[in-house]
Amino acid sequence: MPLSASDVGQRVVVRRRLGVEYERPVYGDVLGILESWSAGQLRVRRRDGVLVEIAETDVVAGKPVPPPPPSRFRSPNGPDEQDHSDDPDTGSDPAAEPDQPHTGPDLARVAASGWPATTVEPLGEWLLQEAGGFTGRANSVLPSGDPGLPLDDALARVSDFYARAGLPAWIQVIVGSPLEDELRRRGWRIQSSGKGTFDTTDVRVAPLADLLARTEEPSVQVALGRDLDDAWLAMYGRSGRQDTARQVITGPEHVALARITAAAADSVAALAAGSVATHGGSSRGPATPATELVGIARGVVTGTWLGVGAVEVVAARRRQGLARAIMAGLGRWGRERGATWVYLQVGADNAAAMALYDRLGFRLDHQYRYYSAPQSRS
């Protein structure tokens, strides 16, 4: 049954044009409640609460679909919107797919696979992770299920594991979870994270189709490769042994390290200013050696998830679209490797980054903090 305005209030699936990439049309499916259809616009409310506005002229196909069963298994491979290239008649039925991917603890496991510790010891469904002190994520417990022991016994095993590694005992805890309350009652303390002093991290997610629809082809050249050089690592700036850092950063099978050089950034700045960059600099910033890095990031594909992290842009080059270009470049790279959703982790106090990610379609999935044992050093 074709879609019509009489289906307002019903659960529907709509296939729309997202644009053209690499001279090929791209389509996306939106599954949700059709809230309105007027003035040439359809408004579909997805299950995650996001309202998607679709121009009537972009609609390729659509139909009402039955409501979901009250309880069912959710696979990691069922976003509310997916990319379909070339052919709008793919034969797939998004209504048959689960409505959203992993959230909370399951997504935390995906992220851990994308940022692998060098030593991992299972404790029931918990993962005790260690990587020579390089980043909290790779040197903390991932408590994504049942440890298989009473909590006090499990915590004793945690403390012993990190004592043997010469590290403080940290646990990555989802904010508002029952475990957080239990740790607080036992005197565990919140620890700051990252290079700053923030103690809460947002995990934000978006359909990859939404990210790509909100970014254009990068106007600045973003080089993608797997090799990790000293310049990239220095710009990332986290502490820890370099050999261990290299294992964590480049360990997964599908990894891309993004780089923007001063020369690439200057060429765009010069065009925008109507001038020619000279001496390795531009009319909008200080002179910089042409080969010096001014922007970096890391992408990793785990199943249908693209993880984006280590997004860094030097202070003098911010607000020039470099971070957006990096997100676009990694997004296209991830889609080529089968990703349909994207996640990132960002300090909850990073207002500038949050503003960008909001514009690119990201929403909050969950937050986490690190807790350390009472006897652990901070």
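The values are calculated or read from the model by the stated rules, or taken from the named source; none is laboratory data. Just so it is clear, the structure is predicted and the values come from calculations on it, not from any experiment. For neighbour counting, all protein chains shown are included, and Cβ atoms are generated from backbone atoms with ideal geometry for every residue, glycine included. Keep in mind that these areas ignore ligands, DNA and RNA; they rest on the heavy atoms of the full protein, side chains included. Shrake-Rupley method; radii C 1.70, N 1.55, O 1.52, S 1.80 Å.
Brief remarks on what is shown
- Picking from residues in the range 309-354 that are open to solvent by less than 40 Å² (accessible area, probe 1.4 Å) and among the basic types (Lys, Arg), the one that is modelled with the highest pLDDT is 332.
- Within the range 254-263, one or more residues are part of a helix (DSSP H, G or I) and surrounded by fewer than 20 Cβ atoms within 10 Å (Cβ to Cβ).
- Being modelled with pLDDT under 80 and open to solvent by less than 60 Å² (accessible area, probe 1.4 Å) holds for only one residue in 18, 42, and it is 18.
Rundown of residues vs (1) without any contact (Cβ under 8 Å) to a residue 24 or more places away in the chain; (2) among the charged types (D, E, K, R), yes/no style:
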{"site": "328", "(1), (2)": "no, no"}
{"site": "333", "(1), (2)": "no, no"}
{"site": "337", "(1), (2)": "no, yes"}
{"site": "358", "(1), (2)": "yes, yes"}
{"site": "369", "(1), (2)": "no, yes"}
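- Residues considered: 349, 358. Of these, the only one that is part of a helix (DSSP H, G or I) and more than 13 Å from residue 256 (Cβ to Cβ) is 358.
- Considering the range 80-193, the qualifying strands (runs of 3 or more DSSP E), each wholly inside and each with 1 or more residues that are more than 30 Å from residue 14 (Cα to Cα), within 23 Å of the chain's Cα centre (by Cα) and at pLDDT 90 or above, run over 119-123, 126-130, 170-174, 189-191.
- So residue 306, is it among the aliphatic types (A, V, I, L, M), in a helix (DSSP H, G or I) and modelled with pLDDT of 95 or more: no
- Residue 220 being among the aliphatic types (A, V, I, L, M), assigned to a loop (DSSP other than H, G, I, E, B), crowded, with 16+ Cβ neighbours inside 10 Å and in contact (Cβ under 8 Å) with a residue 24 or more places away in the chain: yes
- Residue in the range 285-299 that is over 13 Å from residue 257 (Cα atoms), modelled with pLDDT under 90, surrounded by 22 or more Cβ atoms within 10 Å (Cβ to Cβ) and touching a Ser or Thr at 6+ places or on another chain (Cβ under 7 Å) present: no
- Pair list, Cβ under 6 Å, 6 or more apart: the range 233-254 residue within 16 Å of residue 167 (Cβ to Cβ), other residue in a helix (DSSP H, G or I) and aliphatic (A, V, I, L, M): 248/138
- Residues in the range 223-245 that are charged (D, E, K, R) and in contact with a Phe, Trp or Tyr (Cβ under 8 Å, 6 or more places away or on another chain) were compared, and the one that is surrounded by the fewest Cβ atoms within 10 Å (Cβ to Cβ) is 241.
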